[in-house]
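Structure below; questions to follow.
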C-alpha cells in the first residue's frame, strides 16, 4: 500500500473531505487543502473538474462549472499540487473520470501524478472489469488505483475487494453524490462482505453531511468521505470559505472519532 494512504488510517477513524479543484479558484483550493490538513483531514480527495461528471449531483456539477469557468486546467492543477507538497505531506488522491485521463494521455497523467506527489486516483466511470486499462501504468508509477463498491455490486463485492488497494470506496446509497437526510445500512453489509476477503481499509461516502451521520458510519467503517456538504460551504462563502470549511472538517473528524 502507498505509505501516505496507509498513514491516513492510523489516526483513528479517517476523515476524508472532497473538494472540486479550482472552485472558486486554485489559490483558494490550495488554502483549503492546507487548512483541512491541519484541522482533522487525514486524506483529501481532489476533484478534477469535468464537463460531464456522471456520478455527481447538482452541488458538485455546479462546482465543476465554476471551476472550469475560472480557467482551471489539468496542468494548472498539477502545478498547484506541487506547491501544496512543498508545505504538506497529507495524502492526496484525484477523483476524476476516464475521459480527462486519456485526453491528457494516461502515461503523461500518471507520471505527472507521481512527480507532484499524488498518492492515488479514483475513476468512478471505469468498471472494475476494465481497470487493466490503467492498472499497470498506475503500478509503474506507484499510484494507488482506488476501487469502488456500491449497493448494486452484490456478488461482485468480494471480487472487487479482494483486489483492492489504498482504500476501498464504499458508496453508501444508490444515485449520484449529494447530501441525504437518511441513509440505510446497506453500507454496513458491504463493509462486512469486503472484510471477509481483504484487509484494505473501507471508507464510506455519498450522502454523509452531518456529525450524527459521521458517527453512525464511522462505527463500522475505517473512514468516512464527505463531499457535497463541503462543496456547498465553498459555494456559499466563495473565497472566504477556508475558515468555515476548516471548522466543519474539525467537527466531523471529532464526530467520527466518537464512534
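Each value in this text was obtained by applying a stated rule to the coordinates, not by laboratory testing. Keep in mind that this is a model prediction, so the values were computed, not measured. With ideal geometry, Cβ positions are generated from the backbone for all residues, glycine too; neighbour counts draw on all protein chains shown.
With both partners inside the chain, how many of the DSSP beta bridges are antiparallel, as a percent to the nearest 5?
0 percent
Taking square-rooted eigenvalues a ≥ b ≥ c of the alpha carbon gyration tensor, is the chain rounded, prolate or oblate, where a/c under 1.5 means rounded and, failing that, a/b exceeding b/c means prolate? Walk me through the intermediate numbers first.
Details: a/c = 1.40, a/b = 1.09, b/c = 1.29.
It is rounded, given that a/c, with a ≥ b ≥ c, falls under 1.5.
Please give the contour-minus-distance gain from residue 197 to residue 156: 0.36 nm per residue of separation, less the Cα-Cα distance, rounded to one decimal in nm. Present the calculation step by step, with values, prior to reporting the outcome.
On the way: separation 41, 0.36 × 41 = 14.76 nm, distance 1.18 nm.
Result: 13.6 nm gained on full extension.
Residue 247 to residue 131: FRET efficiency via 1/(1 + (r/R0)^6), r the Cβ-Cβ distance, R0 25 Å, to the nearest 0.05? List each step's numbers first, then the result.
On the way: r = 37 Å, r/R0 = 1.50.
Calculated transfer efficiency: 0.10.
A further question follows. With a ≥ b ≥ c the root eigenvalues of the C-alpha gyration tensor of region 121-244, is it rounded (a/c under 1.5), prolate (a/b larger than b/c) or oblate?
Working: a/c = 2.09, a/b = 1.35, b/c = 1.55.
Since a/c reaches 1.5 but b/c is at least a/b, the shape of region 121-244 is classed as oblate.
For region 31-178, what class follows from the C-alpha gyration tensor (a ≥ b ≥ c being the square roots of its eigenvalues): rounded when a/c is under 1.5, otherwise prolate if a/b is larger than b/c, else oblate?
On the way: a/c = 1.41, a/b = 1.26, b/c = 1.13.
The shape class here is rounded.
Only Cα pairs under 8 Å and at least 6 apart count here; give the relative contact order of region 58-211 as a rounded whole percent.
Numbers: 198 pairs, mean separation 27.8, N = 154.
Worked out over region 58-211, it gives 18 percent.
Here's a follow-up. Per-residue ellipticity at 222 nm for the chain, helices alone: DSSP H runs ≥ 4 residues times -39500 (n - 2.57), over residue total, nearest 500 deg cm²/dmol? List each step's numbers first, then the result.
Values: 12 runs with 120 residues, N = 259.
Computed ellipticity for the chain at 222 nm equals -13500 deg cm²/dmol.
Roughly what % of DSSP beta bridges within region 26-177 run antiparallel, to the nearest 5? Each step should come with its number before you reach the end.
Working: 0 of 12 bridges.
Antiparallel bridges: around 0 percent, rounded to the nearest 5.
Identify which of 38, 72, 28 has the largest mean-square fluctuation in a Gaussian network model of the chain, with springs joining Cα atoms closer than 10 Å.
Of 38, 72, 28, the Gaussian network model singles out 38 as fluctuating most.
Something else about it: Could you please rank 237, 196, placing first whichever residue has the fewest other Cβ atoms within 10 Å of its Cβ? Don't jump to the answer; show the numbers that get you there.
On the way: 237 15, 196 10.
Listed from fewest to most nearby Cβ atoms, that is 196, 237.
Most fluctuating residue of 139, 85, 232 in a GNM of the chain with Cα springs under 10 Å: which is it?
139
Could you list 190, 95, 80 in order of exposure, starting from the residue whose Cβ has the fewest other Cβ atoms within 10 Å?
80, 190, 95
Below 8 Å between Cα atoms, with a sequence gap of 6+, how large is the relative contact order for the chain in percent? Show your work: numbers first, answer last.
Values: 517 pairs, mean separation 63.7, N = 259.
Over the chain, the number comes to 25 percent.
On to the next question. Taking the Cβ of each residue in 228, 251 as the centre, tally the other Cβ atoms inside 10 Å and list the residues starting with the fewest. Numbers along the way, then the final one.
Details: 228 25, 251 16.
In order of increasing Cβ crowding within 10 Å: 251, 228.
To continue, here is another question. What's the FRET efficiency of residue 98 with residue 258 using the Cβ-Cβ distance as r and R₀ = 30 Å, to the nearest 0.05?
Working: r = 38 Å, r/R0 = 1.26.
That gives a FRET efficiency of 0.20.
Considering only 71, 207, 142, give the residue with the highest GNM mean-square fluctuation for the chain, with springs between Cα atoms whenever their separation is below 10 Å.
Of the options given, 71 has the highest mean-square fluctuation.
What's the extension gain from residue 189 to residue 220 if we count 0.36 nm per residue and subtract their Cα-Cα distance?
Values: separation 31, 0.36 × 31 = 11.16 nm, distance 0.97 nm.
Length gained between residue 189 and residue 220: 10.2 nm.
Determine the distance separating the Cα centre of region 62-136 from the Cα centre of region 152-174; give it in Å without decimals.
21 Å
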